[in-house]
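Following: one structure in structure tokens, then a few remarks.
The values are calculated or read from the model by the stated rules, or taken from the named source; none is laboratory data. Keep in mind that what you see is a predicted model, and the values were worked out from it rather than measured. So basically every Cβ, Gly included, is an ideal-geometry build from the backbone, and we count neighbours across all protein chains shown.
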Amino acid sequence: MAPPKQMNLKDAIAQIQDGDMLTFSGFTIWRRPMAAVYELIRQGRKDLHLVEVNGGTHSDLLIGAGCVKIWESCWIGHELFGKIGANLARKAEAGEVVIEDYSHLQILYRMAAGSMGVPYLPTYASLGTDILNPKYDHLGQMGLRDGSHPKIPMKKYEVVKDPFYGGELIHVPAVNPDWCIAHVQMIGEGGTVRVDGQVYSDEEAIKASDNVIVVAEQVVTEEYIRREPTRNLVAGHQITSIVELPWGAHPTGCFGCYETDGSFINKFFTRTRTQEGLDAWVQEWIHDIPDFNAYLEKVGIETLETIRANPAFGYSTKIKRGTRA
């Protein structure tokens, strides 16, 4: 197997086609591949099918920009900086995006099944809830579970009898996205991935996907990254492309490198409550800017230095934080 190819962000994202199924690294506002999301919008991708363990600023932006046709997950939002994803809500109400709702555990099990190469996994999660109501099987209602779509299972779930202890449980189908786009702290030249701090569902997302683009704060030699194998998450044979791009998760945070830029996310949330506001934001922060370096210049060195993590502590010592009474 050929080693992953190191390339620039524009060329890496150009590999993704309209209609492809995507998933991402990180969790809500941490280690999201934001630079890659900006580039997807800049390149005008359409009809993307997002499947993710939970949504965040990255997917709310992609959906608002009109790049997404189907979104399968359990929740979307910006945590305390913006609560729910207003762009997804607006697009759903307008009938411009299809939502397929799973519980958090169910969508995680779908990704885990895909990573293990099994067709489904059993769970008790969501028994007795409306998630199992057939009228909320939106892909089924649209006739997309007819077997002609290789990435869409023929059933949303199946309630079965537990053959060992009795009672009921649910089988949830595996998911195998065309692409995972992951942002990590470090990757070796041969593709060995290291994630510091919480790894969330990154391992499952990477291993479940047919192709993987890793955007890293730093690319190092394989000899260096393999000195501490217990710190590494995924081997290089899983990785398709490597992009070295410091700050590539901004405005979401990257543990040990920089904090979440909460002010930026809150301004995004406030400005994009309407489609006109979202369109203006996309024009200003994506289309009027040639690349991510120009984006960082627009954000400003003062802001970036404020959120940069102090290497001695692993977090910024310049951010004013709350205090206990």
Residues (buried (at least 24 other Cβ atoms within 10 Å of the Cβ) and polar (S, T, N, Q)) located in region 29-58: Thr57
Ala280, sole failed condition from (1) buried (at least 18 other Cβ atoms within 10 Å of the Cβ); (2) more than 16 Å from Ala36 (Cβ to Cβ); (3) not aromatic (Phe, Trp, Tyr): (1)
Failed item in (1) closer than 16 Å to Pro177 by Cα; (2) of a type in the set (D, E, K, R); (3) not in a loop (DSSP other than H, G, I, E, B), with Asp18 passing the rest: (3)
Residues being in contact with a helix residue (DSSP H, G or I) (Cβ under 7 Å, 6 or more places away or on another chain) and within 28 Å of Asp261 (Cβ to Cβ) - total across region 87-103: 6
Residue match in region 76-96 (condition: under 16 Å from Ile29 (Cβ atoms), under 12 Å from the mean Cα position of the chain (by Cα) and outside any strand (DSSP E or B)): yes
Residue in region 76-86 that is in contact with a Pro (Cβ under 6 Å, 6 or more places away or on another chain) and modelled with pLDDT of 95 or more present: no
Options Glu52, Glu72; residue that is touching a residue at least 24 places away in the same chain (Cβ under 8 Å), within 17 Å of the chain's Cα centre (by Cα) and farther than 19 Å from His183 by Cα: Glu72
Subset of region 25-52 (residues that are in contact with a Lys or Arg (Cβ under 9 Å, 6 or more places away or on another chain) and small (Gly, Ala, Ser)): Ser25, Gly26
From the options Ile170, Ile206, Ile213, Ile181, residue that is crowded, with 21+ Cβ neighbours inside 10 Å and more than 22 Å from Leu105 (Cα to Cα): Ile213
Selection count, region 190-205, where residues are in contact (Cβ under 8 Å) with a residue 60 or more places away in the chain and not in a loop (DSSP other than H, G, I, E, B): 4
Any hit, region 3-20, residues being touching a strand residue (DSSP E or B) at 6+ places or on another chain (Cβ under 9 Å), crowded, with 21+ Cβ neighbours inside 10 Å, of a type in the set (S, T, N, Q) and at pLDDT 95 or above: no
Considering residues of region 224-244 that are crowded, with 21+ Cβ neighbours inside 10 Å and either within 18 Å of Asn293 (Cα to Cα) or of a type in the set (Val, Ile, Thr) (or both) only, the residue farthest from the chain's Cα centre (by Cα): Ile225
Any hit, region 277-287, residues being in contact (Cβ under 8 Å) with a residue 40 or more places away in the chain, touching a Ser or Thr at 6+ places or on another chain (Cβ under 7 Å) and under 23 Å from Ile107 (Cβ atoms): no
Residue tally, condition among the hydroxyl-bearing types (Ser, Thr, Tyr) and touching a residue at least 40 places away in the same chain (Cβ under 8 Å), over region 214-262: 5
Count of region 161-185 residues which are under 17 Å from Ala36 (Cβ atoms) and either touching a helix residue (DSSP H, G or I) at 6+ places or on another chain (Cβ under 9 Å) or part of a strand (DSSP E or B) (or both): 8
For Ile107: the one exception among (1) surrounded by 15 or more Cβ atoms within 10 Å (Cβ to Cβ); (2) in contact with a Lys or Arg (Cβ under 8 Å, 6 or more places away or on another chain): (2)
